[in-house]
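To start, the structure under review is shown below, and the notes come after it.
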Amino acid sequence: MGTWDVGAFDNDTAADFGGDLDEVAAGEREGIVRSALTRVIGTAAYPEAPESEVAVAAAVLVAAQCPGGEPADPIYGPKEPLPDLAGLRDLALQALDRIMTEPSELMDLWDESDGGPWRKNIRRLQNVLLPQSSGEQLSLI
């Protein structure tokens, strides 16, 4: 596993995903993010670490557009503008839930080391993606 830190883009696979998003036409970016999330959600058995790493990075891109979300990694995340990903919020939550549920290779790999900070990042990300109070919904009207 080419991981150097606990952030969503702090591994080779997710960094490549960020670069790949920059290389496709703007109209294809939402579909690629959606596909990264659904690929993990649809895995009934043992989602492998590379697909899970990409799904975590995709979830970060969705969360970055939510209230309380932080910008994606400025070095390894995509540099080109992303479309509105708010419609993928539920898919991002489902993908993170799947990654954090056994069996999960990425979770197993983090369990082999000090996975506490990584888990904390995932929980924070899930909290940003959760539907917010009616105040957020009212602000959209």
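The values are calculated or read from the model by the stated rules, or taken from the named source; none is laboratory data. These numbers were taken from a predicted model, which means no experiment stands behind them. Virtual Cβ from ideal backbone geometry, glycine too; neighbours counted across all protein chains shown. Side chains are part of the model used for accessible areas, which takes the heavy atoms of the whole protein and leaves out ligands, DNA and RNA. Shrake-Rupley method; radii C 1.70, N 1.55, O 1.52, S 1.80 Å.
Considering only VAL24, THR43, VAL6, and ranking their Cα positions along the charge dipole of the range 1-48 that arises from unit charges at the beta-carbon of Lys, Arg, Asp and Glu, the one farthest toward the positive end is THR43. What you get for the chain, charging only the Cβ of Lys and Arg (+1) and of Asp and Glu (-1), is a dipole of about 600 debye around the Cα centre. Using the rule -39500 (n - 2.57) for each DSSP H run of four or more residues, divided by the residues of the chain, the 222 nm mean residue ellipticity is -17000 deg cm²/dmol.
Among residues other than TYR46 whose Cβ falls under 12 Å from its Cβ, what is the net charge (Lys/Arg +1, Asp/Glu -1)? Net of charged neighbours comes to -4. Going by a ≥ b ≥ c, the root eigenvalues of the Cα gyration tensor, does the range 8-141 fall in the rounded group (a/c under 1.5), the prolate group (a/b larger than b/c) or the oblate group? Because a/c hits 1.5 or more and a/b fails to exceed b/c, the range 8-141 counts as oblate.
Rolling a 1.4 Å probe across the protein heavy atoms gives the chain an accessible surface of 52 Å² per residue.
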